[in-house]
Amino acid sequence: MNSIRRFAALCAVLLLTMLPVQMAHADPEDIQASARSVVRVALIAMQGEEVFFLGHGSGFAVTPDTIITNAHVVQPSTNDRSIIVGVVPSEGSEIYRSRIVAYSPQQDLALIRIEQGSLEPISIFGQQVGDGSDIVAIGYPGAVDRALGLTDGDKVEPGTPIKTTGTISGGRSNREFATFTHTAAVARGNSGGPIVDECGRVVGVNSFISVSDGSDAEFGFAISNQELLSFLRNSGISPRIATTPCRSSAQISQAETRRALAEIAQQGDEAMARAREEQRRQAALERSVDQEIRSERENYMAAALLLVVLAGFSGTAALTFAGRPDAGKTRIAGGVAAIMGVGAVALFLLRPSYDEFTDRLAIAIEQRTQPEDDQPQQIMAQSYVGDNICTIQSERSRITISQANDIGFSWSDSGCVNGRTQYGRDGDEWVRILVPNEEQTVSVYRFNPDSGELALSRYLLGLEAMQQARNIRSRFGGEQCSNDKAMRDALEGMQDALLAIIPQRPNERLVYQCASRVGNQPDRIEAVAN
């Protein structure tokens, strides 16, 4: 058994050293989700009943009803009230009318608000992005429209934006505002569209391009996310901000594999340490039993020798008294000598044998373990029933649209969370899938009451997939907690149907470790898991 454990531990260590280090690569699901937040910003002139398409740029939603674009894209509408700024989303069937709510030509940024409807906002990366970082430009380049032969009417119909890859090639800034240079292919029409990192988070806003005479390379220039965030703060807008470094799903999966292998290796080390300790204790017990038998043999033989000596003295006395008239003393001395002689022989014959070693060792082992076996087991599993604080495990999480905050989580052993939301059983875990009406996000909560691990996976879905999810959710009545079996069966059936339609990989996965909440700690709780 020890050799098997040692072999398993060795294999785990070897696997750890053999795993390749993977570079982060853009996850297609993240880029697609970001693209759904990108819109075409169309300038439309109205003259009587006639409609004229004047031009367009790109933009992206930072809240459900506000959109960032370049100031130069909407500048014509600031001087001519007949020009309407239309917002054409990437999917759906509507075009939204909008108005300018913030305008900064110095930063080449503008904020427009749609008058009705709702868009899925994109997340903004709150840190500086270094030179050489891989990026993706998303927008509606006019060169592609011309190549596809799109008419003006086609340009005001929802359509998928174009995505091109490149790298950040320099942090040089325009004199008026902070910019960086990149190599992603862009053209007129990309203005105002986002530059995103490999997790789909905005790191800049396309602004202008270098013009080539055919002999020079063309470069794009984007407004930095620091400039963008400053503009949004001054406009009273609070966008989604993510601050953790981008890690791909493959990197997270590899890290989880390494962690699992490290646990196996640690368990193997602990098993070998226990085996070595058991061997040490066994050897000590064998030495003790051997010493005990040797000591008893020596004691028996010493007692036998003493009896022989005493028998000798008694025999000598009997011989001395034999020539005298007092025959009684002779008989007594002779009897004592005989008894001691017999006792000496008996002690010698009854001395412990080395053949008893095995039996005595077994008895000693039994006596050593018996007190522990008779004791009631006091090992109690951690209970997570009641109020808990769940701490984010950043090294195990892939954070793309959320802040890495601790959350409050109140658990009951019937699967009721926070006193209002029922979870369904899925093997050793309890699961709840939330499908909101206002957002294009499906959230899957998984809680393991044995380990206290809470995992939240978020899927950013398109309109069609989101509507399908809402249709499935509508089959279930509500979120209230209940022990009714029929209700629980319906919940679990609904969630199985949802799991069958969502993508295999989430856009975001947050892993928390929960612990029983001690006292009142409101400052640590940033959000409450439903």
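Some points to look at:
- Flag not set for Ser383, criterion: modelled with pLDDT of 80 or more and either under 17 Å from Ala455 (Cα atoms) or open to solvent by less than 40 Å² (accessible area, probe 1.4 Å) (or both).
- Residue that is nearest to Gln107 (Cα to Cα) [pool: residues in segment 228-243 that are at pLDDT 90 or above and of a type in the set (Gly, Ala, Ser)]: Ser230
- Residue count for segment 480-518, restricted to those that are under 22 Å from Ser394 (Cβ atoms) and open to solvent by 70 Å² or more (accessible area, probe 1.4 Å): 2
- Cys246 part of a loop (DSSP other than H, G, I, E, B), crowded, with 23+ Cβ neighbours inside 10 Å and modelled with pLDDT under 90: yes
- The numbered conditions (1) at pLDDT 90 or above; (2) in a helix (DSSP H, G or I) are all true for Asp523 except (1).
- Members of segment 75-112 found to be on the phi > 0 side of the Ramachandran plot and in contact with an Asp or Glu (Cβ under 9 Å, 6 or more places away or on another chain), listed by number: Asp108
- When segment 435-448 is filtered for residues that are open to solvent by 20 Å² or more (accessible area, probe 1.4 Å) and either in contact with a helix residue (DSSP H, G or I) (Cβ under 7 Å, 6 or more places away or on another chain) or under 20 Å from Ser123 (Cα atoms) (or both), the ones remaining, listed by number, are Pro436, Asn437, Glu438, Glu439, Gln440.
- For first residues located in segment 490-506 and within 14 Å of Asn471 (Cα to Cα) and hydroxyl-bearing (Ser, Thr, Tyr), partners that are open to solvent by 50 Å² or more (accessible area, probe 1.4 Å) and part of a helix (DSSP H, G or I) and lie 6+ apart or on another chain with Cβ distances below 9 Å do not occur.
- Residue count for segment 282-307 satisfying the condition of being in contact (Cβ under 8 Å) with a residue 24 or more places away in the chain and among the basic types (Lys, Arg): 1.
- In this structure, Glu218 qualifies as in contact with a Ser or Thr (Cβ under 7 Å, 6 or more places away or on another chain), surrounded by fewer than 19 Cβ atoms within 10 Å (Cβ to Cβ), at pLDDT below 90 and not in a helix (DSSP H, G or I).
- Counting only strands (runs of 3 or more DSSP E) that sit wholly inside segment 390-451, those with at least 3 residues that are hydrophobic (A, V, I, L, M, F, W, C) are 407-411, 429-434, 441-448.
- Residues in segment 331-351 that are open to solvent by less than 100 Å² (accessible area, probe 1.4 Å) and under 13 Å from Ala302 (Cα atoms): Gly343, Ala344, Val345, Ala346, Leu347, Phe348, Arg351.
- Residue in segment 449-456 that is over 17 Å from Cys390 (Cα atoms) and open to solvent by 30 Å² or more (accessible area, probe 1.4 Å) present: no
- Residue in segment 34-43 that is surrounded by fewer than 24 Cβ atoms within 10 Å (Cβ to Cβ), without any contact (Cβ under 8 Å) to a residue 12 or more places away in the chain and part of a strand (DSSP E or B) present: no
- The residue that is modelled with the highest pLDDT, among those in segment 457-479 that are open to solvent by 80 Å² or more (accessible area, probe 1.4 Å) and either among the acidic types (Asp, Glu) or within 16 Å of Trp430 (Cβ to Cβ) (or both), is Glu464.
The values are calculated or read from the model by the stated rules, or taken from the named source; none is laboratory data. Because the structure is a prediction, the values reported are computed rather than measured. Cβ sites come from the backbone with ideal geometry, for glycine too, and all protein chains shown count toward neighbours. Heads up: the accessible areas ignore ligands, DNA and RNA and are worked out on the full protein's heavy atoms, side chains in. Shrake-Rupley method; radii C 1.70, N 1.55, O 1.52, S 1.80 Å.
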